[in-house]
Amino acid sequence: MGTAREMGRRSMAMAEAKDREGWLALFAEDGSVEDPVGPSIFDPEAKGHRGIEAIAAFYDNVISTSEKVRFDIRQASECADECAFAGTIHITLPGGKQGSVDLINIYKVDGEGKIRSLRSFWEFGELSFD
């Protein structure tokens, strides 16, 4: 499907567009999402969301609950089959509450150019809403 840089950009664009099926189609069947990396309310055991079914549940329980998501990417660095994106995510919740947090998203693609892993580094405590 594409390079890690291309797939990372597509992933963020699909999340911004709230295109669930388009976003899920970017992932390999055995792909994984760690967002954020480590224990969180989304993943208390820090095991990540592995496989399309688990990734779909993550989308339904996390991404779809926001009214709007927007990425402001300041830098992207690609090496081999991985690309790291540094920037800020801006989230609007139902009712208009807005928040943002700096992040680094690392995408890894498989031999077919599908996303094998998405690892998102951001500090949960840094995300606050106005």
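The values are calculated or read from the model by the stated rules, or taken from the named source; none is laboratory data. Note that the structure is a prediction, hence the values are computed from the model and not measured. Because the Cβ atoms are built from the backbone with ideal geometry, glycine has one as well, and the counts that use them run over all protein chains shown.
Things to note:
- Just one of the listed residues (E21, E34, E45) is touching a Ser or Thr at 6+ places or on another chain (Cβ under 7 Å) and among the charged types (D, E, K, R), namely E34.
- Selected residue (only one of S40, S32 is polar (S, T, N, Q), buried (at least 18 other Cβ atoms within 10 Å of the Cβ) and in contact (Cβ under 8 Å) with a residue 24 or more places away in the chain): S32
The rows are residues; the columns are (1) surrounded by 15 or more Cβ atoms within 10 Å (Cβ to Cβ); (2) over 14 Å from A4 (Cβ atoms); (3) at pLDDT 95 or above.
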site	(1), (2), (3)
A54	yes, yes, yes
Q75	no, yes, yes
G87	yes, yes, yes
L93	no, yes, no
K97	no, yes, no
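- In a residue-by-residue description of the range 45-53, the property of being in contact with an Asp or Glu (Cβ under 8 Å, 6 or more places away or on another chain) and part of a helix (DSSP H, G or I) applies to at least one position.
- Taking every residue in the range 112-130 that is closer than 14 Å to C83 by Cβ and pairing it with any residue that is among the polar types (S, T, N, Q) and assigned to a strand (DSSP E or B), at least 6 positions away or on another chain, the pairs with Cβ-Cβ distances below 6 Å are S117/S32; S120/N105.
- Any chance A15 is of a type in the set (G, A, S), within 25 Å of K97 (Cβ to Cβ) and buried (at least 19 other Cβ atoms within 10 Å of the Cβ): yes
- Matching residues, the range 103-130, being over 13 Å from the mean Cα position of the chain (by Cα) and surrounded by 15 or more Cβ atoms within 10 Å (Cβ to Cβ): V109, D110, G113, K114, L127
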